[in-house]
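The values are calculated or read from the model by the stated rules, or taken from the named source; none is laboratory data. On a predicted model such as this, the values are computed, not experimentally measured, just so you know. Because the Cβ atoms are built from the backbone with ideal geometry, glycine has one as well, and the counts that use them run over all protein chains shown. Ligands, DNA and RNA are excluded from the accessible area calculation, which covers all protein heavy atoms including side chains. Shrake-Rupley method; radii C 1.70, N 1.55, O 1.52, S 1.80 Å.
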Amino acid sequence: MRTILQKCTMVGMTEFDVCKLRDYAADLAQQAASLISTKRSEITATGDIRAHSQTKTSAVDPVTEVDTAAEEFVVGSIRKDRPDDGIIGEEGANVPSRSGVSWIVDPIDGTVNFMYGLGEYAVSLGAMVDGQYVAGAVINVVKGTLYSAAVGHGATVTYRDGTSTQLRCRQETDPRLSLIATGFGYTETRRAGQAKILQELLPQVRDIRRIGSAALDLCRVAEGTVDAYYEHGVKVWDVAAGIVIARESGAQVHVPHSWTSDDRGALVWAASAELAPAFERLLASAGAKEVID
Ligand code: IPD
């Protein structure tokens, strides 16, 4: 079986190029984060951000003017800087790739937190080559904490003061002592299914965290501030960058085999290699390995 780096070579990419994708993602994510902060301040200075939002898949699934503006900024930048690359964006961008590279863009992952002023929302930019997740960056917009990774080159967190550290996931082995991040979908039926699983899992783990951004959940697995993450029905833009960051920190990340932007409720989960076998058994015993529509 070919490695991801071998697949990159097949489309003419070197290891150096994979690092360039990571650095490009990191730079662009920082610029988008700055735009989001500025626009949020402008809107909140004169009123409620909810007046600048609409709903998407359900009444509780919002998109704000700032999500749209941030995606337009990111897409415009990629089109200018890397005109042959493809783009898939949460707010509708869909550009086919001529270079073999595609960017998976979530302009604000954690839009509900963004609307309410909770400080856990992020820009997430992932790069894919030949269907493989190869590089990405996620920035916590409020804290300015930037997570980035390139396949084969490790994952790094850079703080607002410029200091940075290599990421290494925690090596807890016992699910009963594990802190587990998860999230919920936007429809009543999916939430009902997710609640049943939660009811099974909660008595069997240290505790559960619902942070509100799948991209940041995966970065938290990478930095060891949670031990594992699982969720049904996330979209590829929620997790494309986080997948590379978590894997490069030593975590195992399991994603659906063929994943399009449709809304099937398949399971995504991540845990350190030490925890993964027992965590997977726990997920299976709670019925979490099934799709939740
Ligand atoms: C959502 C967040 C949330 C997760 C949802 C996602 P959005 O993304 O990642 O944590 O539980 O499944 O849809 O809508 O804020 O971009």
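If you go through region 67-86 one residue at a time, how many are more than 24 Å from Gly233 (Cβ to Cβ) and either hydrophobic (A, V, I, L, M, F, W, C) or open to solvent by less than 30 Å² (accessible area, probe 1.4 Å) (or both)? Can you show your working first?
Let us first name the residues in region 67-86 that are more than 24 Å from Gly233 (Cβ to Cβ), namely 69, 72-73, 75-85.
This time we only want the ones that are either hydrophobic (A, V, I, L, M, F, W, C) or open to solvent by less than 30 Å² (accessible area, probe 1.4 Å) (or both), so: 69, 73, 75, 77-78, 85.
Of the residues in region 67-86, 6 are more than 24 Å from Gly233 (Cβ to Cβ) and either hydrophobic (A, V, I, L, M, F, W, C) or open to solvent by less than 30 Å² (accessible area, probe 1.4 Å) (or both).
Say we look at region 158-186 and pick out the residues that are assigned to a loop (DSSP other than H, G, I, E, B) and within 16 Å of the ligand (Cβ to nearest atom); which of these is nearest to Val221 (Cα to Cα)?
Initially, region 158-186 is screened for residues assigned to a loop (DSSP other than H, G, I, E, B), giving 159-163, 167-174, 178, 183-186.
From what's left, within 16 Å of the ligand (Cβ to nearest atom): 183-186.
Working: Gly183: 14, Phe184: 18, Gly185: 20, Tyr186: 23 Å.
Residue satisfying both the conditions and the ranking: Gly183.
Every residue in region 117-152 that is in a strand (DSSP E or B), within 16 Å of the ligand (Cβ to nearest atom), among the β-branched types (Val, Ile, Thr) and farther than 11 Å from Ile245 by Cα, please.
Scanning region 117-152 gives Val123, Ile139.
As an exercise: evaluate Ala45 against (1) open to solvent by 50 Å² or more (accessible area, probe 1.4 Å); (2) among the aliphatic types (A, V, I, L, M); (3) under 16 Å from the mean Cα position of the chain (by Cα); (4) away from the ligand (no atom under 14 Å from the Cβ) and give the number of the one condition it does not meet.
Answer for Ala45: the failing condition is (3).
May I ask you to list pairs of residues, at least six apart or on different chains, whose Cβ atoms are under 7 Å apart, with the first in region 63-85 being closer than 16 Å to Val112 by Cβ and in contact (Cβ under 8 Å) with a residue 12 or more places away in the chain and the second being away from the ligand (no atom under 12 Å from the Cβ) and open to solvent by 20 Å² or more (accessible area, probe 1.4 Å)?
Val63/Gln54; Thr64/His52; Glu65/His52; Val66/Lys39; Val66/Arg40; Ala70/Leu35
Does Ala195 satisfy being more than 11 Å from the ligand (Cβ to nearest atom), farther than 21 Å from Val74 by Cα, within 16 Å of the chain's Cα centre (by Cα) and outside the structural domain of Thr44 (by TED's automatic domain parsing)? Outline the logic, then answer.
Working: more than 11 Å from the ligand (Cβ to nearest atom): yes; farther than 21 Å from Val74 by Cα: yes; within 16 Å of the chain's Cα centre (by Cα): no; outside the structural domain of Thr44 (by TED's automatic domain parsing): yes.
No: the conditions fail for Ala195.
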